[in-house]
Amino acid sequence: MSETAAADRLPLLFLPGLLCDRALWENQVRHLADVAESQVMDLSRDDTVGALAAAVLAMAPPRFALAALSMGGYVALEILRRAPERVLRLALIDTTARPDSPEQLSRRRGLINLARSGKFRGVTPRLLPLLIHPDRQADQPLTSTVMAMAERVGQEAFIRQQTAIMSRPDSRPGLGAIACPTLVVGGREDALTPPPLLAEIADHIPGARHVIIEECGHLPPLERPHALSALLRQWLIYG
């Protein structure tokens, strides 16, 4: 890559979801290398969305594009509240602007209690139907990647992440103030953040582009990596 080409690349920060690490974004980092200088951020060290956002901003270049999945989307929306002038582009993938419902809060507290009692098992085969498309349940490379990420993130980080998620604010009131080019992407069969939640985000961000990826669950970067990378390439180049 020439010095001119390298200088033209856009700084791009990837924010992973709950129990995910840099392996989530491997395809995108590789296939966007000619147009983006990518960095996958660690969202495992703090237990509030505010602290996670502050840590990302402290490590980030002065201005950057931001691509975020699920929990990463909660952090991305906090970054937009704190430093909107630093975000050149925003891509929100299978996330929601809503806070947890009482039922979701109760379920998360139960999972935290299990983890604290020594029963953390990461992502097990019985949880995979919540994360990936039904037709991919027997896809060994995919399921192994998802479960290995969870094991690497581990029990203590899982508790911190769930604690941060539970206390996140309602981001819906601030969506209308987002002024950067925004891409909102979701899997058609996402069981955790189904298409109406993504549509709600896109409908309230001025000029946002909303795309549904067919035959895909909650993890497009792994389930449909080439489709997502193509969408992100277009977003990076054209906004």
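The values are calculated or read from the model by the stated rules, or taken from the named source; none is laboratory data. None of the values given here were measured: they were computed from a predicted structure. Cβ sites come from the backbone with ideal geometry, for glycine too, and all protein chains shown count toward neighbours.
Contact map, region 19-38: residues that are under 18 Å from ALA150 (Cα atoms) paired with residues that are in a strand (DSSP E or B) and modelled with pLDDT of 95 or more, Cβ distance under 6 Å, separation 6+ or inter-chain. Pairs shown: ARG22/VAL40; TRP25/PHE14; TRP25/VAL40. For the condition modelled with pLDDT of 95 or more, part of a helix (DSSP H, G or I), touching a Leu at 6+ places or on another chain (Cβ under 7 Å) and of a type in the set (Lys, Arg), ARG160 does not qualify.
Restricting attention to region 120-143, the residues being over 19 Å from ARG188 (Cα atoms), surrounded by 16 or more Cβ atoms within 10 Å (Cβ to Cβ) and more than 21 Å from the chain's Cα centre (by Cα) number 1. Residues in region 167-201 that are of a type in the set (Gly, Ala, Ser) and in a strand (DSSP E or B) were compared, and the one that is farthest from the chain's Cα centre (by Cα) is GLY187. Could you tell me whether any residue of region 172-188 is of a type in the set (S, T, N, Q) and more than 26 Å from ASP47 (Cβ to Cβ)? Checked against the condition, which is being of a type in the set (S, T, N, Q) and more than 26 Å from ASP47 (Cβ to Cβ), region 172-188 yields at least one hit.
Cβ separations smaller than 9 Å between residues 6+ apart or across chains give the following pairs from region 209-228 residues that are within 19 Å of MET71 (Cα to Cα) to residues that are assigned to a loop (DSSP other than H, G, I, E, B) and among the β-branched types (Val, Ile, Thr): CYS216/ILE132; GLY217/ILE132; HIS218/ILE132; HIS218/THR193; LEU219/ILE132; LEU222/ILE132; GLU223/ILE132.
Just so you know, in region 84-120 the residues that are without any contact (Cβ under 8 Å) to a residue 60 or more places away in the chain and assigned to a loop (DSSP other than H, G, I, E, B) include one that is nearest to LEU183 (Cα to Cα), and it is SER101.
Residues that are assigned to a strand (DSSP E or B) and touching a Lys or Arg at 6+ places or on another chain (Cβ under 6 Å) within region 54-83 comprise just one, ALA65.
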